[in-house]
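Here is the structure we will look at, set down as structure tokens.
The values are calculated or read from the model by the stated rules, or taken from the named source; none is laboratory data. Quantities reported herein were computed from a predicted structural model and do not represent experimental measurements. Neighbour counts are summed over all protein chains in view; Cβ atoms, including those assigned to glycine, are modelled from backbone coordinates with ideal geometry. We work out accessible area using only protein heavy atoms, side chains counted, and drop any ligands, DNA or RNA first. Shrake-Rupley method; radii C 1.70, N 1.55, O 1.52, S 1.80 Å.
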Amino acid sequence: MTVAPFHETPPRSPEQSSGTIWPAAEVTDDHLVDEAADVTAELPAPRRGLPVWAPWLLGRLGSGAVAVLALSAIVFAATQALPSDPARVILGPDAPEATARILRAQLGLDQPLATQYLHWLGRAVHGDFGRSLDSHVPVIDLVARRLGNSLVLLGAVAAFVLPLALVLGVGLALRRDGRLDRAAVTSLIVLKALPPFAVAIGLTMLLSTSVFELLPAVSLVEADRPLWRQLPYLVLPTLTLGLSTLPYLVRLVRSSMIEVLETDYVMQARLRGIPERRLVWRHAIPNALVPAIQGAALTMSVLLGGTLVVEVMFAYPGIGSALSAAVGARDIPVLQGVVLILTTGVVGVNLLADLLTVLLTPRLRVA
């Protein structure tokens, strides 16, 4: 039996293993450049125009408009169910019934409820909420003045609370489970449990009456003077609202920061020798801001519709005190206008927070 001699197969070159045999003399840099140009030409050109999250934004705007429309219907139906007669409020309880009937017809109150709602909604879209039954001034003028005062108060609260919550939350997260952290968390829980009126009473007793007479106890803001010249009247309302909302934001930032510091990429960055300060400010804090933005938006939404107690206690001429006065006087046009504007503001704040979340999160921004 004859065995055929074994011939070792020479190793294939990279050019041969790829399926194409190029002579050595022909593999040049110019050829590689041409091949790279051909591959680049086959790639799809980058899209230009609207960002990828634009359809999401349009959808959120549409859902927000639907929410405002639904809430406007609820507000209108609820105010119509109040035990009050606008004609009697205007004419007085001793007016003849025939006169009241004529006034109801002039105001359109004798029409079906759906027709009244459509007429009111059509005027509200153009900024016409009617006239106040109490002061006989346009509702939009009354609400605009009060809303401006409330926005100034909310701006002062935001300028006081948001930076403080960020600093305290990050500091407590970096000293997690220490004595200072445990004491601060316990104090924040106790402060969160106090209702706003208790905080207002305590601050008034401390800073205005019994201990230190440093600030006015009542916010007697003059309408003909700018608010920035009457800053002492803003201190107590700002402190009350700020201390009532600070515990929630501090604990939110703290928990979000702890979660980010425990992620794998932060641990790998530490192993690579990145300085701790750079790691915190450039990597951890930007990622921890997304939940904080959502929490700040929720807080501002609550404050926008919940400043009633503080404004009433300090006699601050804001949108909350206007709403309280409208409920007491059964001033339905003012009540409807205030609630609808507050509803639109809350929806707008939440939409802005969602947009900032998308812009700060690369995964959502390019999805």
**Request:** Give the span of region 82-133's Cα atoms along each principal axis, as three whole-Å numbers ordered largest to smallest.
**Result:** 35, 22, 20
**Compactness of region 106-219 as Cα Rg over 2.2 N^0.38 Å, two decimals** = 1.75
**Asked** Highest mean first, what order results for 280-289, 294-303, 314-323 on Cβ atoms within 10 Å?
**Response** 314-323, 294-303, 280-289
**Request:** May I ask you to order 146-152, 83-89, 177-183, 242-248 by the average number of other C-beta atoms within 10 Å around their residues, highest value first?
**Result:** 242-248, 146-152, 83-89, 177-183
**Asked** In whole Å, what is the distance between the alpha-carbon centres of region 63-100 and region 122-171?
**Response** 23 Å
**Item:** Interchain or long-range residues, amide H under 5 Å from ARG131's placed H
**Value:** VAL139
**Request:** Assuming R0 = 45 Å, can you tell me the calculated FRET efficiency for the pair VAL52 and ALA144, based on Cβ-Cβ distance, to the nearest 0.05?
**Result:** 0.75
**Fill in**
With all protein chains present and a 1.4 Å probe, the order of GLU311, GLU262 from largest accessible area down is GLU262, GLU311
**Per-residue ³J(HN,Hα) for region 341-352, Karplus 6.51 cos²θ - 1.76 cosθ + 1.60, θ = phi - 60°, Hz, x for Gly and Pro** = 5, 5, 4, 4, x, 5, 5, x, 5, 5, 5, 5
